[in-house]
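The values are calculated or read from the model by the stated rules, or taken from the named source; none is laboratory data. Given the structure is predicted, the values throughout are model-derived calculations rather than measurements. Note that each Cβ is placed from the backbone with ideal geometry, even for glycine, and that neighbours are counted across all protein chains shown.
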Amino acid sequence: MKGIGASPGIVIGRALIKKETEIKIEKEYLKNNAQEADRLERAISSAKKELEEILKNAQEKMTKDEAKIFEAHILMLEDPEVFGQVREMIETENVNAEWALQETTQKFLNIFNSMDDEYIKERAADLRDVRDRIFRNLLGIEQYDLTKLDKEVIIVAKDLTPSDTAQMDKNKVLGFVTELGGKTSHSAIMARTLGIPAIVGVNNITQMVNNEDLIIFDGDEGLIYINPEDTLLQEYLRKKEEYQYFKVKLQDLVGKESKTKDGFKVELSANIGTPKDVEEILRNDGEGIGLYRTEFLYMDRDSLPSEEEQFEAYKVVAERLQGKPVVIRTLDIGGDKELSYLELPEEMNPFLGYRAIRLCLDRQEIFRTQLKALLRASAYGNIKIMFPMISSMEELLQAKKILQECEGELREKKIAFNENMEVGMMIEIPAAAIISDLLAKEVDFFSIGTNDLIQYTMAVDRGNQMLASLYTQFHPALLRLIKKVIDNGHQAGIWVGMCGEVAGDPKMIPVLIGMGLDEFSMSPGAILKARWIINNLEKKELEEHLEALINMATSADVEKYIDEKIVVSAKF
Ligand code: PEP
Ligand code: MG
């Protein structure tokens, strides 16, 4: 079977199907409330047994602090205040246990979330976990917690949210395969950041695989085999070994410069989603962070992160990078990244909708909190701020004005920040690329976001697997836009980077070097391979191909030209 190779690596292991676990609760009135109260008791006691089992496991395998979480969950299950009220509601209002549980716990969650106290906020997260465990027991839903798997598995799912992926335990999840999603959907991006091999866009895979089936997959090629014959298995065991050898060989490039044979030096940076990803950057010798997707700080919780919490996250990253550049992008929520607690209205076209800078300029209290946290953190490292999804000069100037107001506020309070911090913007909307000569005068740098730039230029949803063949980095229109942005940036004397997935594409890297791109930001695992490619290139030679390339009529012609005349074999 074939899907879209989303994150490289050869994987051999047993399948674990992730069932859909969306819990929908409806209110019902029941005659026998004593029976319903019994149902609740049984669900609570099964939840407790599960937790005791997990706790035992955790005490053997995790640190004391990690194991303590489950002790807290067990204590919470025994809390008479919360569950006493659930029972009371069943008895007095004759409603079903699920409804009573939902209503009562929500009341407590609202109280917890209104308090600006980290400890209480953590208790809210615990209560949600415990509540969901009881829900699953009431409804008979089997659920695997991706953070607490007890053996190595390949996850097979209809879809995975970016936060599902971000939470995966890399030691247990060998890889994953999903039915939905494209190469640049956010769970695919997260998988590359975490170094978890993945294939997306495989029709009906959850129907075709059973738990414990043996699966082989190649995350580069997008190939999957279910219960393969022994000869195929042997072949892939050999391929896996070769792949690991290739990865070890790349380690020789740690500490080396990212420079072409004729001396054109670029910066190879990393894209990250959470401070945890910094480890991967250091391991892969990243020269900085070209994109910190801050939205993950806002996800998987019940309320907005406070200024203090954000400040800590940004500061930790800036400090760990020890003076290397850290480009932090302001909140880019919307599209395929949702925040349920903001209760945004449903939209017909979320990717064309109320997202990123549009939301921030509208809900300024959210934006200002983040900007102040970022400014404060800038005193601790080489932070640069970047605005996403800018489509016009007005938006850019308004965002800059708000930033200046936040700076004024901090100055007045005598709070330190970097007065010379660079401020840049993403170029991911064709309109911005077209007026990049004008925008360049207002910023210190551009970073080209090809994931969105491709989808908006070609009008192809980046996550729609049915359109994957139309979503291509080789379209001549894209090459022209990229070249225009780089030229306009340089004309205005600013540096131009790229943080979309194209920056790490072995076929496009030579083209971008020819165009003079200054910074390439990619998933940390792609950095050393990119360095190897760049070290083998001659910029002068590549410049000579540009004219021909941007005058080609079709994507197929562009790709063929790159394959035949430009590409450096990316394998040793
Ligand atoms: C992009 O659009 O290329 C980009 C880097 O941003 P994101 O993938 O987070 O939309
Ligand atoms: Mg984008």
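Structure values in brief
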read-out: Residue in region 318-335 that is farthest from ligand 1 (Cβ to nearest atom), counting only those that are of a type in the set (D, E, K, R) and surrounded by 20 or more Cβ atoms within 10 Å (Cβ to Cβ); value: R329
read-out: Residue match in region 360-373 (condition: modelled with pLDDT of 95 or more, within 16 Å of ligand 2 (Cβ to nearest atom) and in a helix (DSSP H, G or I)); value: yes
read-out: Test result for M389, closer than 25 Å to A313 by Cα and of a type in the set (A, V, I, L, M); value: yes
read-out: Residues of region 92-137 classified as touching a residue at least 40 places away in the same chain (Cβ under 8 Å) and polar (S, T, N, Q), total; value: 5
read-out: Failed condition for R462, given (1) of a type in the set (D, E, K, R); (2) in contact with a helix residue (DSSP H, G or I) (Cβ under 6 Å, 6 or more places away or on another chain); (3) farther than 17 Å from C499 by Cβ; value: (3)
read-out: Considering residues of region 269-290 that are at pLDDT below 95 and of a type in the set (D, E, K, R) only, the residue farthest from the chain's Cα centre (by Cα); value: R283
read-out: Residue match in region 317-329 (condition: at pLDDT below 95 and either in contact with a Ser or Thr (Cβ under 7 Å, 6 or more places away or on another chain) or within 16 Å of ligand 2 (Cβ to nearest atom) (or both)); value: no
read-out: Out of I226, I205, I216, sole residue that is touching a Phe, Trp or Tyr at 6+ places or on another chain (Cβ under 8 Å) and either among the β-branched types (V, I, T) or not assigned by TED's automatic domain parsing to the domain that holds E428 (or both); value: I216
read-out: Identity of the residue in region 321-359, part of a helix (DSSP H, G or I) and in contact with a helix residue (DSSP H, G or I) (Cβ under 7 Å, 6 or more places away or on another chain), that ends up farthest from G424 (Cα to Cα); value: F351
read-out: Number of the exception - M552 against (1) surrounded by fewer than 19 Cβ atoms within 10 Å (Cβ to Cβ); (2) assigned to a helix (DSSP H, G or I); (3) in contact (Cβ under 8 Å) with a residue 60 or more places away in the chain; value: (2)
read-out: Candidate set from region 291-308 (those that are in a helix (DSSP H, G or I) and over 19 Å from the mean Cα position of the chain (by Cα)); member that is nearest to ligand 1 (Cβ to nearest atom); value: E307
read-out: Odd one out for F520 among (1) in contact (Cβ under 8 Å) with a residue 60 or more places away in the chain; (2) farther than 26 Å from G255 by Cβ; value: (2)
read-out: Which listed residue, of F417, F445, F387, is of a type in the set (F, W, Y), within 20 Å of the chain's Cα centre (by Cα) and farther than 30 Å from K560 by Cα; value: F387
read-out: Meets criteria (closer than 24 Å to G273 by Cβ, at pLDDT below 95 and not basic (K, R)) for G500; value: no
